[in-house]
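To keep things clear, I will list the structure first and then write my remarks on it.
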Amino acid sequence: LGAGPLAGKRIIVTSGPTHEPIDPVRYIANRSSGAQGTAIARALAALGAHVVFVTGPADVAPPEGVEVVRVQTAQQMSDAVDAALPAEAAVFAAAVADWRVASQSDRKLKKTRDGMPKLEFAENPDILARVAQMATGRPGLVVGFAAETNDVIENATAKRARKGCDWIVANDVSAATGIMGGTENAVVLISDDGAESWPRMGKDAVARQLADRIAAALA
Ligand code: C5P
């Protein structure tokens, strides 16, 4: 058995973007690098947790010492989270695509004289909201993220209530902040105790501070 304050605790971390296929060679994605989720998984493992790291196709490699589950789509991520439950805590750091293409083509879409394909979308499952509102088997601590470009605290506070999670880690991803795809983050932790702004620091430092908080909450 490992040592550390999170020894014996099972924690699910989602990370990275999802890829939603259009046809066998094309997909819809987003700019998430997976850096913050990967750092959180690493920090939790360093405190002794058994981390189930459910990752979409990220730019950064998964950390050592975690159980890695690789997925492509939001639906696969949702299924992988279900398969990983029960857990003491779950941290939803993934940038899940809100929509998928409703009917993916089995064949590569061709350029034709008839004009361009019309893509129709279907809504993806909201993994965070679903797990946070589970009647049975809900992890004791459910942490969501909120990437906002304006009114960060107001929007993230509303999101926390809407999703039903315990904490929201909110950050300002306006282009000028350089946070999305960058190495630093400036977050606000929103909980029952209100909004706590952390100074701007490296994503690794944010991860370590968050892991310490999680360890304190689960102690
Ligand atoms: O609603 P929004 O996408 O801004 O919420 C962000 C939070 O919800 C993140 O923690 C993200 O991982 C989670 N989420 C999810 N499943 C979705 C959409 C978002 O788990 N389909």
Exercise. Tell me, 210, 44, 109, 141 in order of fewest to most beta-carbon neighbours within 10 Å?
Worked result: 109, 141, 210, 44
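Rounded, prolate or oblate for region 120-219? Axes are the square roots of the Cα gyration tensor eigenvalues, ordered a ≥ b ≥ c, and the cut-off for rounded is a/c under 1.5. Please list the in-between numbers first.
On the way: a/c = 1.76, a/b = 1.16, b/c = 1.51.
It is oblate, given that a/c is not under 1.5 and a/b is not larger than b/c.
Counting DSSP beta bridges in the chain, what percent are antiparallel, to the nearest 5?
Counting only bridges with both partners in the chain, antiparallel ones make up about 40 percent.
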For this session: Step through the table entries 118/159; 163/203; 108/159; 118/163, compare each Cα-Cα distance with 29 Å, and write down the pairs that go over it.
Result: 118/159; 108/159; 118/163
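Give me the dipole magnitude in Debye, nearest 20, for the chain about the Cα centre, with unit charges on the beta carbon: positive for Lys and Arg, negative for Asp and Glu.
620 debye
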Seminar exercise, completed: Summing -39500 (n - 2.57) over every DSSP H run of at least 4 in the chain, dividing by its residue total and rounding to the nearest 500, the 222 nm mean residue ellipticity is -8000 deg cm²/dmol
For this session: Taking only Cα atoms and a 10 Å spring cutoff, compute GNM fluctuations for the chain and point out the largest among 56, 144, 194.
Result: 194
For this session: Give the dimensionless ratio obtained when the Cα radius of gyration of the chain is divided by 2.2 N^0.38 Å.
Result: 1.05
Exercise. For region 51-56, in order, what is each residue's ³J(HN,Hα) by Karplus, 6.51 cos²θ - 1.76 cosθ + 1.60 with θ = phi - 60°, in whole Hz (x at glycine and Pro)?
Worked result: 9, 9, 9, 9, 10, x
Problem set entry | Burial ranking of peptide ranges 8-15, 70-77 (average Cβ count within 10 Å, highest at the top) | 8-15, 70-77
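Bear in mind these aren't lab numbers, they're just calculated from the coordinates by the rules spelled out. These numbers were taken from a predicted model, which means no experiment stands behind them. Note: ideal-geometry Cβ built from the backbone for every residue, glycine included; neighbour counts use all protein chains shown.
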